[in-house]
Amino acid sequence: MSNTPFEKLTENIYRIPIPVPFPMKYIYCYLFKEQDGWSLVDTGFNYPEAVNAWKNVFEQLRIQPEQISAIYLTHFHPDHFGLAGWMQELTGALVYMSKVDIIMAERVWGKNSQQSDAVGAIYRQNGVPERLAEQIEENMKKLSEHVQPFPSLTILEEEEVRLGGMIWKVISVPGHSDGMINFYQPEKRILLAADHVLDKITPNISLWPGGSANPLEDYFSSLNKVAALNIRLAFPAHGKVIDEFSERILAIRRHHDKRLKQMFSLALRDQTAYEIAGKVFSNKQLSPHQWRFAIAETLAHLEYLVLNDELMKTERNGTIFYRQNTEKSA
């Protein structure tokens, strides 16, 4: 078994690349050395390569599983949440997550989840062809296999936690998920950014059944919140450590402003979300997994425009259409 190439960021913080079977290749989880053990932030996607990576890290750092005293999850998405149950069984540690995302985790990954059917129904309403809708549903059901065993979850109610011997503030940053949290260390001006702010790629902001009606507005508010913190370094879950945080936030905001203008212009006449997504992402050959995110992201932008009176939404014969709001006063 080859070594896992982790980074030692500070005396007590380790950045651990855990492989995922997606284009980004890795999720970066974070291990914190404590006086009496270790704390962990995020766990990875449950499949053999990720399990082997964690076993390798524990061996390299000479960590006994029972030394992991706490597991914190930034949000419920499978590349962060998926190995939480396995890790809990291995270590006996409590698994903490926000109340909002515990509810979403149970809705999406729980034993009696109907989320894939709900996504399929909404996608059909928004113009997705039947075969693609079926493939998206199948893909979601297969994903649920990679978050088992389902952990016993504890609501993270504290406003501060101790990680690596330092006190970190718990920051609520809805957008990428409704209940996402970041951790902020004010003396060192470090943000554990999860998927809230990423280098090079932009976090996916999507509209899902059971979630926020306006996730893009939520995301913009959360960007403003962390922009006010005077961050020196941000440790994200994907990509490089970010040392020009303010500039990165501005670049992300410019990306969304450009995307909003593009989608507004594409809705000159009645268009479904599927039609608009097809034009926005026309330069890519999308798999069903990628189509799921492309449509959900398109819906988040279109609903933002509707709620700001830029677009109108109508339903005809069971299909939803968007078009420019010509009635909006100048």
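The values are calculated or read from the model by the stated rules, or taken from the named source; none is laboratory data. Just so it is clear, the model here is predicted, and its values are computed rather than measured. Methodologically, a virtual Cβ is constructed for each residue, glycine included, from the backbone with ideal geometry; neighbour enumeration extends over all protein chains shown.
In this structure, is Glu145 among the acidic types (Asp, Glu) and in a loop (DSSP other than H, G, I, E, B)?
Here the answer is no, as Glu145 does not meet what is asked.
Assuming Leu90 fulfils every condition listed in (1) in a loop (DSSP other than H, G, I, E, B); (2) in contact with a helix residue (DSSP H, G or I) (Cβ under 9 Å, 6 or more places away or on another chain); (3) over 26 Å from Val197 (Cα atoms); (4) at pLDDT 95 or above apart from one, which condition is it?
With respect to (1) in a loop (DSSP other than H, G, I, E, B); (2) in contact with a helix residue (DSSP H, G or I) (Cβ under 9 Å, 6 or more places away or on another chain); (3) over 26 Å from Val197 (Cα atoms); (4) at pLDDT 95 or above, Leu90 is out only on (1).
With Asp117, Asp42 as the choices, which residue is out of contact with any strand residue (DSSP E or B) (no Cβ under 7 Å at 6 or more places or on another chain) and either over 26 Å from Leu299 (Cα atoms) or surrounded by fewer than 18 Cβ atoms within 10 Å (Cβ to Cβ) (or both)?
Details: Asp42 fails: out of contact with any strand residue (DSSP E or B) (no Cβ under 7 Å at 6 or more places or on another chain).
Criteria check complete, one pass: Asp117.
Please go through the range 176-202 and give me each residue that is within 28 Å of His301 (Cβ to Cβ), among the polar types (S, T, N, Q) and outside any loop (DSSP other than H, G, I, E, B), ordered by number.
Asn182
Could you list, ordered by first residue, the pairs with Cβ atoms under 8 Å in which the first is in the range 311-326 and within 12 Å of Gly127 (Cβ to Cβ) and free of Cβ contacts under 8 Å to residues at least 12 places away in the same chain and the second is of a type in the set (Lys, Arg) and in a loop (DSSP other than H, G, I, E, B), at least 6 apart or interchain?
That search, which allows pairs on different chains as well, returns nothing.
Which condition number does Arg259 fail, the rest of (1) part of a loop (DSSP other than H, G, I, E, B); (2) surrounded by fewer than 20 Cβ atoms within 10 Å (Cβ to Cβ) being met?
Among (1) part of a loop (DSSP other than H, G, I, E, B); (2) surrounded by fewer than 20 Cβ atoms within 10 Å (Cβ to Cβ), Arg259 violates only (1).
So Val57 ticks every box in (1) buried (at least 22 other Cβ atoms within 10 Å of the Cβ); (2) within 20 Å of His238 (Cβ to Cβ); (3) aliphatic (A, V, I, L, M) but one. Which box is left unticked?
Just one mismatch for Val57, condition (1).
If you scan the range 150-194, which residues turn out to be acidic (Asp, Glu) and either touching an Asp or Glu at 6+ places or on another chain (Cβ under 9 Å) or modelled with pLDDT under 95 (or both)?
Asp178
Could you figure out which of (1) in a helix (DSSP H, G or I); (2) surrounded by 12 or more Cβ atoms within 10 Å (Cβ to Cβ) isn't true of Ser265?
(2)
Looking only at strands (runs of 3 or more DSSP E) that fall completely inside the range 1-80, which ones have 1 or more residues that are polar (S, T, N, Q)?
Ranges flagged: 7-10, 37-41, 68-72.
Ala277 versus (1) more than 18 Å from Pro203 (Cα to Cα); (2) in contact with a Ser or Thr (Cβ under 7 Å, 6 or more places away or on another chain); (3) free of Cβ contacts under 8 Å to residues at least 24 places away in the same chain: which is the lone unmet condition?
Answer for Ala277: the failing condition is (1).
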